[in-house]
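Q: Take a look at this one; I'll ask things after.
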Amino acid sequence: MEETISAIATAAGAAGVGIVRLSGAAAIAVADKIFCAANGKLLAQVADRTITFGHVKNFSGGVVDEAIALVMRAPKSYTCEDVVELQCHGGSVVLREVLKLTFEAGARPAERGEFTKRAFLNGRIDLTQAQAVLDVIQAKTTAALTVAQNQLAGKTSKTVGEIRQAILNSVAHIEATIDFPEDDLDAVTLNTVDKNISAQIAKLDELLKNQTAGKILREGLETAIIGKPNVGKSSLLNFFAKTDRAIVTDIPGTTRDSIEEFVNVGGIPLKIIDTAGIRASGDAVEQIGIARARDCAQRAELILALFDGSRPLDAEDTEIFKLLPDRNALILLTKTDLPQVTTSAQIAKRLPAAQIIKLSLKNGEGTEELLAAIGKRVGTIDFEMNFVRDEREADLLRRAVKHLRDAQETIRLNVGIDFVSIDLRGALECLSELTGESVGEDVLNEIFSKFCVGK
């Protein structure tokens with residue numbers, strides 16, 4: 001029998017309400033040891049999915065907090081086990097005290113993601129849906145939330161399930177033919193199987209095409225703002241964030257470290273990194289910030305390179321130009337509200353293929369063009385389509401495709417119909433691992449370790 005687990009299920013910090021969640025066969029019994037209902041009933045006596053008002057008390061009879069208890073009996077709960085939620089006041093001290101009492105009453109601390117892991121192990125959700133729970137929690141835009149909710153509802157699971165069933169049908173067809181061997185039957189079967197394999201490869205390739213889009217929606221497009229000091233980098237970050245996220249002054253070297261902010265551009269989350277101004281500096285702290293700026297520029301998926309139109313190009317700008325060849329970059333000629341010294345033509349001589357946008361964050365010139373250009377660089381994303389969540393899923397899909405192509409090659413070589421079945425079963429194994437029907441404990445532990453404790 002699974003141990004009963006307990007954890008705080010709400011975020012840390014002061015709030016109106018905080019929840020301590022218990023799950024397991026003894027969840028109701030544990031809660032009854034510390035919760036006293038105002039009506040005198042035990043939680044074991046209350047109807048399922050009802051709310052009971054009362055108090056959490058310690059083992060000396062002292063009141064710890066006023067609370068309500070919600071009882072959800074198996075299998076109609078998140079984990080498919082008996083679940084009790086003690087909804088208390090949201091202070092960190094009171095929640096820790098209530099949690100400690102659940103441990104003293106017989107529960108053990110939940111591990112990271114253990115509630116969702118139990119939901120998966122008990123068959124309520126598959127592995128793609130379990131991971132979507134985390135994406136719902138961490139969604140940074142409404143578009144990303146829509147995608148995560150679709151995954152949680154089983155959209156990708158349904159597609160993968162249909163592909164698996166189609167491959168299983170081919171395996172069954174082959175095995176029936178093996179049981180009744182006839183040369184002409186073999187040929188008919190293999191022709192049918194070959195066409196089916198091609199159809200399933202096309203569906204898997206379609207899923208794989210969405211890998212980059214899925215990563216962007218989940219993690220944000222890493223976007224580095226680079227330039228020499230005082231070209232408007234921090235002002236640009238504040239524009240995206242719609243708040244004074246970074247300090248803006250006329251003093252060079254104000255930004256000494258990288259500042260990160262997630263922003264929403266047309267439903268696409270951008271992980272904007274405002275970097276230290278790149279220049280020669282004798283300040284040891286600023287030198288570290290400049291080194292980090294160069295590193296950000298190297299790994300960023302999109303670069304916003306700023307050049308001050310009110311000042312002539314100099315050696316510091318030359319250092320910026322050196323970071324841009326063969327990179328996905330937008331060139332921003334800033335401070336166009338001031339008399340212009342540097343022109344777009346001068347920059348175009350250094351970077352002939354670059355897209356240059358004239359920008360003034362003071363009067364708003366170029367801001368709409370900038371947002372449109374970023375959206376174009378990301379590309380059109382259909383938020384209702386199926387998405388590959390991460391590299392693990394993509395790798396399993398690629399391996400499934402390889403097995404299917406191997407099956408087609410086996411058909412062409414005519415080495416035996418039973419060998420085709422072996423390749424098809426290899427593809428099925430990959431898809432089963434994707435949905436979690438056959439997956440190692442080490443993989444599960446790695447996946448659920450990324451969750452918070454209360455989920």
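Q: Restricting to Cα pairs below 8 Å that are 6+ residues apart, what does the relative contact order work out to for region 114-239? Please round to a whole percent.
A: Value for region 114-239: 21 percent.
Q: Give the residue from A25, A11, T79 lying farthest towards the positive end of the charge dipole for region 1-104; charges sit on Cβ (+1 for Lys and Arg, -1 for Asp and Glu) and the dipole is referred to the Cα centre.
A: A11
Q: Also, quick follow-up: If you take the C-alpha gyration tensor of the chain, multiply each eigenvalue by 5 and take the square root, what semi-axes do you get, largest first, in whole Å?
A: That gives 48, 41, 16 Å for the three semi-axes.
Q: Assigning unit charges at the beta carbon (Lys, Arg +1; Asp, Glu -1) and nothing else, what dipole magnitude in debye, to the nearest 20, does region 150-237 show about its Cα centre?
A: Roughly 1240 debye for region 150-237.
Q: Hey, for a label at V93 modelled as a point 7 Å past Cα toward Cβ, could you say which residues of region 48-84 have their backbone N under 14 Å away?
A: Residues 64-65 fall inside that zone.
Q: Ignoring ligands, DNA and RNA, what percent of the 1.4 Å accessible area of the chain is carbon and sulfur?
A: Here it works out to 54 percent.
Q: In nm, what is the difference between 0.36 nm times the number of residues separating V341 and T50 and their Cα-Cα distance?
A: Gain on stretching V341 to T50: 97.6 nm.
Q: Here's something else I'd like to know. Normalised by the empirical 2.2 N^0.38 Å for globular proteins, what value does the Cα Rg of region 75-125 take?
A: Here the Cα radius of gyration is 1.29 times the empirical estimate.
Q: Quick check on my link table: of K100/K450; K271/K402; K158/K242; K57/K140, which ones sit more than 29 Å apart, alpha carbon to alpha carbon?
A: K271/K402; K158/K242; K57/K140
Q: Hey, another quick one. Quick one: which residues, 5+ away or cross-chain, put their amide H under 5 Å from the amide H of I125? H built at 1.01 Å from N.
A: For I125, whose amide H was placed from the backbone, the distant partners under 5 Å are F120.
Q: Taking the alpha-carbon centroid of each part, what is the distance from region 1-40 to region 431-455 in angstrom?
A: 25 Å
Q: While we're here: Which one of V341, L396, I51 has its Cα pushed farthest toward the positive end of the charge dipole of the chain, where Lys and Arg give +1 and Asp and Glu give -1 at the Cβ?
A: Result: V341, furthest along the dipole toward the positive end.
Q: Still on this structure, I have one more. Work the Kirkwood hydrodynamic radius out for region 14-128: mean of 1/r over every pair of different alpha-carbon atoms, inverted, in Å.
A: Answer for region 14-128: a Kirkwood hydrodynamic radius of 14.3 Å.
Q: So, one more: Using a 1.4 Å probe, what is the accessible area per residue for the chain, in Å²?
A: 47 Å²
Q: Ok, one more. Spelling out what I want: for every residue of region 259-266, take phi, set θ = phi - 60°, compute 6.51 cos²θ - 1.76 cosθ + 1.60 (Karplus), and round to whole Hz; glycine and proline get x.
A: For region 259-266, the Karplus-derived couplings read 10, 10, 8, 8, 10, 10, 10, x Hz, x marking Gly and Pro.
The values are calculated or read from the model by the stated rules, or taken from the named source; none is laboratory data. Just so you know, these numbers come straight off a predicted model, no measurement behind them. All Cβ positions, glycine included, derive from the backbone under ideal geometry; neighbour counts span all protein chains shown. The protein model used for the area step is the full one, side chains on, heavy atoms only, and it has no ligands, DNA or RNA in it. Shrake-Rupley method; radii C 1.70, N 1.55, O 1.52, S 1.80 Å.
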